[in-house]
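Below you'll find the structure, written out as structure tokens, and then a few comments.
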Amino acid sequence: MRLQLDAFAYTNKLNTIPPEQKLIFAAFVLGISLVAHPLTQGLIIIWLGIWVVVYAEIPWRIYWRSLYLVILFWLSSLPALVINLVPVGHVAAIQTDVYWGLALGNHYLYWGLQGSSVALVIFLRAIAATSCLYFVMLTIPFNALLRIFTKLGLPLVVSEILLLMYRFIFLLLATATSLWTAQQSRLGYQNLGRYFYSLSLLIRQLFQDTIYQYHQSYLALQTRGFQGKFQVNNFAVYQTSPRYLLESTIGCIVLIGVEFYLQ
């Protein structure tokens, strides 16, 4: 999944637009999504979906699978938001908030209407904010992001740490995938006992292989005359798109107008 996201950042149909323009657009929409009403957040989700799937031509299955992970995380926190437990003597006080309830001895377990409303707000805000993040990830290459951050005054040590982390994410994924495939071919996960045993072996071997890859990368840098500073080059040619600039501006104005109308 991550390898696909990185590939799309270089091959999407919006890659000729200056990354600064796309980053400013995503940051502005993100700011709106964090303070907007649920209706506005729903419009942001649809609008950014059009940008990613239609304009950037990212396959909708890839985009959906990316958002699906966020939905699963939200579902895992849903019970804590909507399910409540109170003493039976307090049922009368919360009766207007009860959607469905069940008496359990001296306590009353119920699904709360207020919690459901809060869960919906959190869901729409999380998906809207994540849509802004995926728009950046799928349309702006990482080296272009580093160049922008450096222009904005990001300390050199921070940008180099980000670059190294970005590099080792792919090393980690490639190593984990190869180890998991090897274990699968040897029936390493055929039952629960073998599953945990194979998983422990994978974690141990993954740590060893990652350290080895780190040393190999360090030696490669030393042999190439590394002077303690990474050079991030970007030879892409960008051209400002009046159409997308106008559309993004009008769209943001419409979102702000909807938000003021809902106040």
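Pairs linking a residue in the range 147-167 that is assigned by TED's automatic domain parsing to the domain that holds L23 to a residue that is surrounded by fewer than 15 Cβ atoms within 10 Å (Cβ to Cβ), with Cβ atoms under 8 Å and 6 or more positions apart or on different chains, do not occur. Set side by side, the residues L262, L201, L206 differ, and just one is modelled with pLDDT of 80 or more and over 29 Å from T139 (Cα atoms), which is L262.
Looking across the range 30-54, the residues that are in contact with a Phe, Trp or Tyr (Cβ under 8 Å, 6 or more places away or on another chain) and surrounded by 18 or more Cβ atoms within 10 Å (Cβ to Cβ) come down to L48, G49, W51, V52. Report whether or not R167 is under 27 Å from D6 (Cα atoms) and at pLDDT below 75. Here the answer is yes, as R167 does meet what is asked.
So for the range 221-231 (the condition being at pLDDT below 75 and part of a helix (DSSP H, G or I)), does at least one residue qualify? Looking for residues that are at pLDDT below 75 and part of a helix (DSSP H, G or I), one finds at least one in the range 221-231, hence yes.
Does the range 114-123 include one or more residues that are surrounded by 16 or more Cβ atoms within 10 Å (Cβ to Cβ) and under 28 Å from I24 (Cβ atoms)? Scanning the range 114-123, I find at least one residue that is surrounded by 16 or more Cβ atoms within 10 Å (Cβ to Cβ) and under 28 Å from I24 (Cβ atoms), so the answer is yes.
Pairs are defined by a Cβ separation below 6 Å, a sequence spacing of at least 6 or placement on different chains, a first member in the range 34-58 that is without any contact (Cβ under 8 Å) to a residue 12 or more places away in the chain, and a second member that is surrounded by fewer than 19 Cβ atoms within 10 Å (Cβ to Cβ) and part of a loop (DSSP other than H, G, I, E, B); no pair meets this definition. The set of residues from the range 59-72 being in contact (Cβ under 8 Å) with a residue 24 or more places away in the chain and out of contact with any helix residue (DSSP H, G or I) (no Cβ under 8 Å at 6 or more places or on another chain) comprises just one member, R65. In the set S76, S116, only one residue is small (G, A, S), over 27 Å from E247 (Cα atoms), part of a helix (DSSP H, G or I) and without any contact (Cβ under 8 Å) to a residue 24 or more places away in the chain; that residue is S76.
The values are calculated or read from the model by the stated rules, or taken from the named source; none is laboratory data. Only a predicted model underlies this, so the values are computations on that prediction, with no experimental measurement involved. Reconstructed Cβ throughout: ideal geometry from the backbone, glycine too, with neighbour counts over all protein chains shown.
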